[in-house]
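The values are calculated or read from the model by the stated rules, or taken from the named source; none is laboratory data. Bear in mind the structure is a predicted one, so any value in this text is a computation, not a measurement. All Cβ positions, glycine included, derive from the backbone under ideal geometry; neighbour counts span all protein chains shown.
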Amino acid sequence: MPMLDPYVAVALQTTVRHVVRRQEVERNLAHVGNMLDLVCHICSLELPVRLVALGEGCIQGFADEILHLSSAEYAATMAADIPGWETEFLGEKARHHGIYILAQLKEKLPQYPQRFFNTVFLLDPSGQVIYRHRKNVVLFVEHSTTPHDVYDQWTRENGDGPDAFFPVAHTEIGNIAGSVGVEGSFPESYRGFALNGAEILYRGSLPEPWVSRDIWDIQNRARAVDNTAYVIAPNTGALIMPGNPPTVIGGALGGRSMIVGYKGEILGQSSVVDDCYVASEINIDALRHYRQTARFQNWLPYLRTEIYQGIYQQGIWPKNLPPMDDTGTAKVFADSVASLQQRGALTKR
């Protein structure tokens with residue numbers, strides 16, 4: 001395999017303007033595009049910029065959660081197509097700068113009517129969408145569908161192997177995968193990406209107060225250490241809520257974007273909760289050498305997979321669920337807690 005020169009990756013942290021109609025995302029896209037132009041100029045003064053990652057919500061905001069929109073409402077009014085005009089805009093930036101762009105959109109799929117998915121996608125330097133991962137775990141206030149919610153149909157169409165739930169993009173700058181928000185709290189997902197070949201793990205966004213409690217830092221560094229992988233973790237900055245005048249909530253979305261090395265060290269992190277960026281050198285050849293030779297803090301070769309398999313044989317959160325509102329998912333959560341208490345995993349107070 002040819003040597004891969006080091007390059008710069010950028011975690012781009014942007015202000016999010018709350019929008020309620022799909023066309024309004026053009027304002028967020030324009031803002032992201034201007035920042036992309038700037039960081040590609042400045043950061044390439046050191047090494048070539050090859051990868052820029054955007055935070056969750058930086059294009060569409062979080063209207064589905066904040067306004068408690070049903071799955072059908074959001075799918076009809078806000079959800080994007082991938083590819084679509086949003087990805088075309090970013091694709092032009094990818095072509096112009098010769099970079100890969102990691103981003104997120106809430107996406108509708110024709111085979112799942114009245115539903116939408118929270119989707120991570122990767123654009124290559126030609127502007128083409130070469131990767132999509134649909135978020136596997138969501139909170140009860142998120143009304144997006146996960147593959148688990150439509151498990152039977154999903155596995156019929158996509159199989160039930162690692163690529164169905166933990167896909168990885170194999171690119172000329174390394175193997176890239178990842179998710180957003182609460183899925184970063186689940187080591188299983190990121191282990192799934194790593195065992196499927198990922199070398200750069202994307203984790204987009206976590207709001208306050210879980211950033212100031214250091215949960216953001218701990219989880220991102222842990223995912224890197226767990227899997228001997230880079231973690232590129234752009235958060236979002238201020239949130240602008242509609243009104244006359246609009247309300248700017250500077251700390252709503254946490255900030256503190258970061259890039260973590262494959263040994264768990266912080267390579268770069270911002271203290272700004274506003275528009276900013278973090279850049280770091282990525283050396284995939286060094287990572288591959290370390291994974292091949294290091295005998296400590298290189299955990300994938302040590303996995304005793306047979307003894308872990310039984311942990312997950314009994315279901316917890318049910319699969320094949322219909323679209324639900326907050327009340328419906330709250331009941332599923334309560335039922336899951338009761339089930340865990342009954343089996344002894346949780347002790348009832």
Problem set entry | Among (1) touching a Phe, Trp or Tyr at 6+ places or on another chain (Cβ under 6 Å); (2) of a type in the set (S, T, N, Q); (3) not in a helix (DSSP H, G or I) - the single one T347 does not satisfy | (1)
Exercise. In this structure, does A94 turn out to be touching a residue at least 12 places away in the same chain (Cβ under 8 Å) and within 22 Å of V141 (Cα to Cα)?
Worked result: no
For this session: Quick one: which residue in S70, S44 is hydroxyl-bearing (S, T, Y) and modelled with pLDDT of 95 or more?
Result: S44
For this session: Among what's in the range 141-186 and is out of contact with any Phe, Trp or Tyr (no Cβ under 8 Å at 6 or more places or on another chain) and of a type in the set (S, T, N, Q), pick the residue that is surrounded by the most Cβ atoms within 10 Å (Cβ to Cβ).
Result: N175
For this session: Answer yes if at least one residue in the range 103-118 is touching a residue at least 60 places away in the same chain (Cβ under 8 Å), under 30 Å from R50 (Cα atoms), touching a Lys or Arg at 6+ places or on another chain (Cβ under 8 Å) and not in a helix (DSSP H, G or I), and no otherwise.
Result: yes
Seminar exercise, completed: Flagged pairs (Cβ under 6 angstrom, 6 or more apart or on separate chains; first in the range 55-75, touching a residue at least 24 places away in the same chain (Cβ under 8 Å); second of a type in the set (F, W, Y) and assigned to a loop (DSSP other than H, G, I, E, B)) are Y74/F116; A75/F116
Problem set entry | Selection within the range 141-177 - assigned to a strand (DSSP E or B), out of contact with any Ser or Thr (no Cβ under 9 Å at 6 or more places or on another chain) and either within 21 Å of D64 (Cβ to Cβ) or among the aromatic types (F, W, Y) (or both) | none
Problem set entry | Subset tally (residues that are assigned to a loop (DSSP other than H, G, I, E, B), free of Cβ contacts under 8 Å to residues at least 24 places away in the same chain and aromatic (F, W, Y)) for the range 305-339 | 0
Exercise. Quick check: anything in the range 85-102 within 20 Å of F186 (Cβ to Cβ) and modelled with pLDDT of 95 or more?
Worked result: yes
Exercise. Do we have N28 as at pLDDT 95 or above, closer than 17 Å to M241 by Cβ and either of a type in the set (F, W, Y) or out of contact with any Ser or Thr (no Cβ under 7 Å at 6 or more places or on another chain) (or both) here?
Worked result: yes
Problem set entry | Those residues of the range 190-202 which are under 17 Å from T146 (Cα atoms) and buried (at least 23 other Cβ atoms within 10 Å of the Cβ), in sequence order | Y190, F193
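Which ones in the range 129-180 are without any contact (Cβ under 8 Å) to a residue 40 or more places away in the chain and over 25 Å from R288 (Cβ atoms)?
R134, T146, P147, W154, T155, R156, N158, G159, D160, A164
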